[in-house]
Protein chains: 2
Amino acid sequence: MATVNENYFNLQGSFLFANIARKVEEFQKAHPDADIIRLGIGDVTLPLVPAVIDALHKAVDEMGNAETFRGYGPEQGYEFLRKAVVEKDYAPLGITIALDEVFISDGAKSDVGNIQELFAEDNIVAITDPVYPVYLDSNVMGGRTGKAIDGIFEKVVYLPTTAENNFSPDFPKERVDIVYLCCPNNPTGTVLSRARLKEWVDWCKQNDAILMFDSAYEAFISSEDTVHSIYEIEGAREVAIEFRSFSKTAGFTGTRCAYTIVPKEVTARTKDGERKQLNPMWNRRQCTKFNGVPYIIQRAAEAVYTEDGYKQTRENIAYYKENARIIREGLESIGLTVFGGVDAPYIWLKAPAGMTSWDLFDLLLEKVHIVSTPGSGFGPSGEGYLRLTAFGSRENTLRAIERIKTLSFK
Amino acid sequence: MATVNENYFNLQGSFLFANIARKVEEFQKAHPDADIIRLGIGDVTLPLVPAVIDALHKAVDEMGNAETFRGYGPEQGYEFLRKAVVEKDYAPLGITIALDEVFISDGAKSDVGNIQELFAEDNIVAITDPVYPVYLDSNVMGGRTGKAIDGIFEKVVYLPTTAENNFSPDFPKERVDIVYLCCPNNPTGTVLSRARLKEWVDWCKQNDAILMFDSAYEAFISSEDTVHSIYEIEGAREVAIEFRSFSKTAGFTGTRCAYTIVPKEVTARTKDGERKQLNPMWNRRQCTKFNGVPYIIQRAAEAVYTEDGYKQTRENIAYYKENARIIREGLESIGLTVFGGVDAPYIWLKAPAGMTSWDLFDLLLEKVHIVSTPGSGFGPSGEGYLRLTAFGSRENTLRAIERIKTLSFK
């Protein structure tokens, strides 16, 4: 008699975006002429850059020719792309990453979701709160949590990350074995300082914990006082796994390519205390349950590292960052309190006193026809905040801010 | 203190292809002029067909244009592709599959590897022997096996599949909760009859077991007395999950697209005996840990279903099938015993009496410079067999058989 993995039934419904969609649909039905602007969506809108398009066409032609056709590629990714990652993303930061520490994949979501498989079920996981839901949900499925009581999972250590602590969470007071940090952060748009990240690496070393470092938004960083890679921090190679993506760097959300770095020094223990490298374990996981990224997609990702590709993708990021500035400064100009938006495409708006996330969401939708994302959807400490994103068009971003400026929050 | 999933250390090294590569390399070094022909490789060699190439170019252009650019797509795959699957792969067989029972993915390997996550750790797994290694290895990682003793895993039920039982395994005598069947089979190239598959579906129903039906080689079927889909069998919707791939159907091994069917009737039980549908569980798994297949790749897969795409991909399959016929009949003409090769690109050669798989591998390499795959590498019951594949060029296939005909096996 086949029996199910009952941990799945501990998962909370992911009602956030469904609820938003329902509210927007109802509003649109009641107000068919309303010109709704969407600043809730976390997806890019600018097309792939010309250098990437050229590389795709060229690779497609290779696939149509017997001489240059490619069948199964290496599960870890082609060497040409792993080399580009090592030489263009890490060497300029003074970081040495070996080719066999780079694992090309179809998305940071896949890697962040699958990495927990390498760990025993009784590891204790810490997540910042609010947080990208995959860190938590993949561990719920993996049996590392209890049930959710009022939306809070047993066994999981939540690290509140709010204006009160300047979006820099305190260290856990209880035992923690695996910590997820997202920097620049989704949804708050904030970064952790270099000094604080050094303390996190040291904390992980002292506690023999693994640091899962998600830097999917690295390309948006402007601040000097943070890191582009966790491996800029001394000692990180012993404790940290880094997740990077072409999704936001190069508009690959529908093109699908990312990579994960698993340094050979990162280890965890067996129950008998023996240290085991995670690098060969992840390699075995990928070789067994994954067959690599399409050849043509890997050539597209490689093109992001060319002179033209870099220039073109950075122009797109500058465009989104200018949107972020417009939103941030526009909201500040009317006395609202905002965070993020400097090192990330996300602006984290504090709801005026007495308003919940959903109150503010409803107000923006009903009064000025703007769709946002309620912060409470990202975790209990997101209550009282709203996420706005910089991925819209310039025109809509400007119009949205002009509309919000007509509101009174007194 | 982070601790590892120790099940990983129960995995056996996958030495098969590494051993083959080493032997071939050593031989090549000792005989630099030897013209080696590779009939061991399980990868396609013909390029993508023109209809697919055209669809790829068109989709790439869409991605370069703001009006037609696609960001995140549905995790389950675009409706245009799921519709094509339902209407072109299933409707002609008289099978009704709902759109939300189709899950597009980056590969059958991923789906076959990940599906075990839906089940509790104490399910008992049965695999045919010899077998594609992913069924076993993914369950080793998931903790459903004990340790391997002389290459045989505790707790796993092995179903010998050899000439002695006409490659139709007996039903398990012990408790089994999940059965993996691959039909047409890799590595034996054989199929199960329609009547036997009906018995398997009935057996699964009687035993409340799940049937994982891998039909990655379906496009190669010529025989009348087997099925193109397990859902041709009455009752299969209640017990079977079907895995299909564009890898061998359309030469997508380096292009990466596949799909899995999870009918809504398929259920497994909680420990309390409550039946749970697997369809919403797999949907949740994919939505949490996967972000869909690249848009351009889904358009490429869609093109396989067009009139031109179908015609062109079937020509390639006919080419490989003719290679298979040449190998099969060539070997039979010198008195060798062969199986498969009619409904699959694989020919399963019985080693002459007294020879092991590796003996015959060595003989072919050393005497006629042909690379094959020893059957013993696919499981204990593969001992005494050799897998040859039809994916080479016509010229090399013909030359290989002429060479083998010069050998004497008396």
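The values are calculated or read from the model by the stated rules, or taken from the named source; none is laboratory data. Because the structure is a prediction, the values reported are computed rather than measured. For neighbour counting, all protein chains shown are included, and Cβ atoms are generated from backbone atoms with ideal geometry for every residue, glycine included.
Looking only at segment A:132-166, which residues are of a type in the set (S, T, N, Q), outside any helix (DSSP H, G or I) and more than 14 Å from every other protein chain (Cβ to nearest Cβ)?
The first filter runs over segment A:132-166 and keeps only residues of a type in the set (S, T, N, Q), leaving A:138-139, A:145, A:161-162, A:165-166.
Those still in the list that are outside any helix (DSSP H, G or I) too: A:145, A:161-162, A:166.
Answer for segment A:132-166, where residues must be of a type in the set (S, T, N, Q), outside any helix (DSSP H, G or I) and more than 14 Å from every other protein chain (Cβ to nearest Cβ): A:Thr161, A:Thr162, A:Asn166.
Out of A:Glu75, A:Glu87, I need the residue that is among the charged types (D, E, K, R) and either facing another protein chain (nearest Cβ under 7 Å) or surrounded by 19 or more Cβ atoms within 10 Å (Cβ to Cβ) (or both). Which one?
After applying the criteria, what remains is A:Glu75.
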I'm checking my understanding of the structure. Among residues of segment A:288-336 that are over 25 Å from B:Asn114 (Cβ atoms) and hydroxyl-bearing (Ser, Thr, Tyr), which one is farthest from the other protein chains (Cβ to nearest Cβ)?
A:Ser333
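Filter segment B:32-77 for residues that are out of contact with any strand residue (DSSP E or B) (no Cβ under 8 Å at 6 or more places or on another chain), touching a residue at least 60 places away in the same chain (Cβ under 8 Å), over 25 Å from B:Asn316 (Cβ atoms) and assigned to a loop (DSSP other than H, G, I, E, B) and give the result.
Of the residues in segment B:32-77, the ones out of contact with any strand residue (DSSP E or B) (no Cβ under 8 Å at 6 or more places or on another chain) are B:32-35, B:43-75.
Filter once more, keeping what is touching a residue at least 60 places away in the same chain (Cβ under 8 Å): B:34-35, B:43-52, B:54-56, B:58-60, B:62-63, B:70, B:72-75.
With over 25 Å from B:Asn316 (Cβ atoms) added as a condition, the list becomes B:34-35, B:62-63, B:70, B:72-75.
Residues satisfying the conditions are B:Ala34, B:Asp35, B:Arg70, B:Tyr72, B:Gly73, B:Pro74, B:Glu75.
Before we move on, is B:Lys88 touching a residue at least 60 places away in the same chain (Cβ under 8 Å), closer than 26 Å to A:Asp61 by Cβ, in the same structural domain as B:Asn283 (by TED's automatic domain parsing) and basic (Lys, Arg)?
It is false that B:Lys88 is touching a residue at least 60 places away in the same chain (Cβ under 8 Å), closer than 26 Å to A:Asp61 by Cβ, in the same structural domain as B:Asn283 (by TED's automatic domain parsing) and basic (Lys, Arg).
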B:Leu16 is checked against (1) of a type outside the set (Ser, Thr, Tyr); (2) in contact with a Ser or Thr (Cβ under 7 Å, 6 or more places away or on another chain); (3) within 24 Å of B:Lys248 (Cβ to Cβ) and fails just one. What number does that condition carry?
(2)
So A:Tyr295 clears everything in (1) over 25 Å from B:Phe15 (Cα atoms); (2) free of Cβ contacts under 8 Å to residues at least 40 places away in the same chain; (3) not charged (D, E, K, R) except one condition, right? Which one?
(2)
Go through (1) in the same structural domain as B:Tyr346 (by TED's automatic domain parsing); (2) at positive phi and name the single condition B:Gly94 misses.
(1)
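Please tell me if B:Lys83 is over 20 Å from A:Asn291 (Cβ atoms) and either in contact with a Leu (Cβ under 9 Å, 6 or more places away or on another chain) or not β-branched (Val, Ile, Thr) (or both). So that I can check it myself, show each step before the final result.
On the way: over 20 Å from A:Asn291 (Cβ atoms): yes; either in contact with a Leu (Cβ under 9 Å, 6 or more places away or on another chain) or not β-branched (Val, Ile, Thr) (or both): yes.
The answer is yes for B:Lys83.
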Restricting to segment A:78-105, what's the tally of residues that are of a type outside the set (A, V, I, L, M) and part of a helix (DSSP H, G or I)?
11
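Results for (1) over 30 Å from A:Tyr135 (Cβ atoms); (2) buried (at least 22 other Cβ atoms within 10 Å of the Cβ), shown as yes or no for each residue.
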| site | (1), (2) |
| --- | --- |
| B:Thr253 | yes, yes |
| B:Ile296 | no, yes |
| B:Glu329 | yes, no |
| B:Val342 | yes, no |
Filter segment A:104-142 for residues that are buried (at least 24 other Cβ atoms within 10 Å of the Cβ) and of a type in the set (Phe, Trp, Tyr) and give the result.
A:Tyr135
Go through (1) more than 14 Å from chain B (Cβ to nearest Cβ); (2) in contact with a Leu (Cβ under 6 Å, 6 or more places away or on another chain) for A:Ile95 and report which single condition fails.
(2)
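Could we say that B:Glu302 is in contact with a helix residue (DSSP H, G or I) (Cβ under 9 Å, 6 or more places away or on another chain), closer than 30 Å to B:Val49 by Cβ and not in a strand (DSSP E or B) here? Step through it out loud before you land on a result.
Working: in contact with a helix residue (DSSP H, G or I) (Cβ under 9 Å, 6 or more places away or on another chain): yes; closer than 30 Å to B:Val49 by Cβ: yes; not in a strand (DSSP E or B): yes.
Yes; evaluated as a whole, the condition is true for this residue.
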Any residue at all in segment A:48-61 that's within 22 Å of the chain's Cα centre (by Cα), among the β-branched types (Val, Ile, Thr) and more than 13 Å from every other protein chain (Cβ to nearest Cβ)?
no
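Residue-wise test of (1) in contact with a Lys or Arg (Cβ under 9 Å, 6 or more places away or on another chain); (2) more than 27 Å from A:Gly71 (Cα to Cα); (3) in the same structural domain as B:Leu386 (by TED's automatic domain parsing).
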{"position": "B:Val4", "(1), (2), (3)": "yes, yes, no"}
{"position": "B:Asn7", "(1), (2), (3)": "yes, yes, no"}
{"position": "B:Phe27", "(1), (2), (3)": "no, no, yes"}
{"position": "B:Ile36", "(1), (2), (3)": "no, no, yes"}
{"position": "B:Gly64", "(1), (2), (3)": "no, no, no"}
{"position": "B:Arg70", "(1), (2), (3)": "no, no, no"}
{"position": "B:Gly77", "(1), (2), (3)": "no, no, no"}
{"position": "B:Arg82", "(1), (2), (3)": "no, no, no"}
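Is there a residue being basic (Lys, Arg), out of contact with any Lys or Arg (no Cβ under 6 Å at 6 or more places or on another chain) and in the same structural domain as B:Leu197 (by TED's automatic domain parsing) anywhere in segment B:242-251? Steps first, answer last, please.
From segment B:242-251, those basic (Lys, Arg) are B:244, B:248; that's our starting set.
Narrowing further to those that are out of contact with any Lys or Arg (no Cβ under 6 Å at 6 or more places or on another chain): B:244, B:248.
So of that shortlist, the ones also in the same structural domain as B:Leu197 (by TED's automatic domain parsing) come out as B:244, B:248.
Yes.
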Inside segment A:202-252, can you point out the residues that are in contact with a strand residue (DSSP E or B) (Cβ under 9 Å, 6 or more places away or on another chain), of a type outside the set (D, E, K, R), within 11 Å of chain B (Cβ to nearest Cβ) and assigned to a loop (DSSP other than H, G, I, E, B)?
A:Ala209, A:Val239, A:Ser247, A:Phe252
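Please verify whether B:Leu364 is in contact with a strand residue (DSSP E or B) (Cβ under 6 Å, 6 or more places away or on another chain), assigned to a helix (DSSP H, G or I) and under 27 Å from B:Ile149 (Cβ atoms), treating the condition exactly as stated. I'd like the intermediate steps shown before the answer.
On the way: in contact with a strand residue (DSSP E or B) (Cβ under 6 Å, 6 or more places away or on another chain): yes; assigned to a helix (DSSP H, G or I): yes; under 27 Å from B:Ile149 (Cβ atoms): no.
Against the criterion (in contact with a strand residue (DSSP E or B) (Cβ under 6 Å, 6 or more places away or on another chain), assigned to a helix (DSSP H, G or I) and under 27 Å from B:Ile149 (Cβ atoms)), B:Leu364 does not qualify.
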Considering only segment A:169-195, how many residues are buried (at least 17 other Cβ atoms within 10 Å of the Cβ) and closer than 17 Å to A:Ile221 by Cβ?
12
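Residues to consider are A:Tyr320, A:Tyr310, A:Tyr305; find the one that is surrounded by 23 or more Cβ atoms within 10 Å (Cβ to Cβ) and at negative phi. Break it down into steps so the answer makes sense when it comes.
Numbers: A:Tyr310 fails: surrounded by 23 or more Cβ atoms within 10 Å (Cβ to Cβ); A:Tyr305 fails: surrounded by 23 or more Cβ atoms within 10 Å (Cβ to Cβ).
Exactly one of A:Tyr320, A:Tyr310, A:Tyr305 is surrounded by 23 or more Cβ atoms within 10 Å (Cβ to Cβ) and at negative phi, namely A:Tyr320.
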Name every residue in segment A:26-47 that is acidic (Asp, Glu) and within 14 Å of another protein chain (Cβ to nearest Cβ), in order of residue number.
A:Asp43
Out of segment B:253-272, which residues are facing another protein chain (nearest Cβ under 9 Å), more than 30 Å from A:Val60 (Cβ to Cβ) and not charged (D, E, K, R)?
B:Thr267, B:Ala268, B:Thr270
Matching residues, segment A:111-131, being at the interface with another protein chain (Cβ under 9 Å from one of its Cβ atoms), within 17 Å of A:Arg175 (Cα to Cα) and not in a loop (DSSP other than H, G, I, E, B)
A:Phe119
Can you name the residue in segment B:95-116 that is in contact (Cβ under 8 Å) with a residue 40 or more places away in the chain and of a type in the set (Gly, Ala, Ser) and, of all such residues, is nearest to B:Phe290 (Cα to Cα)?
B:Ser105
Given (1) of a type outside the set (Gly, Ala, Ser); (2) surrounded by 19 or more Cβ atoms within 10 Å (Cβ to Cβ); (3) facing chain A (nearest Cβ under 8 Å), number of the condition B:Asn7 does not satisfy
(3)
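Would you tally the residues in segment B:10-25 being away from every other protein chain (no Cβ under 14 Å) and surrounded by 13 or more Cβ atoms within 10 Å (Cβ to Cβ)?
4
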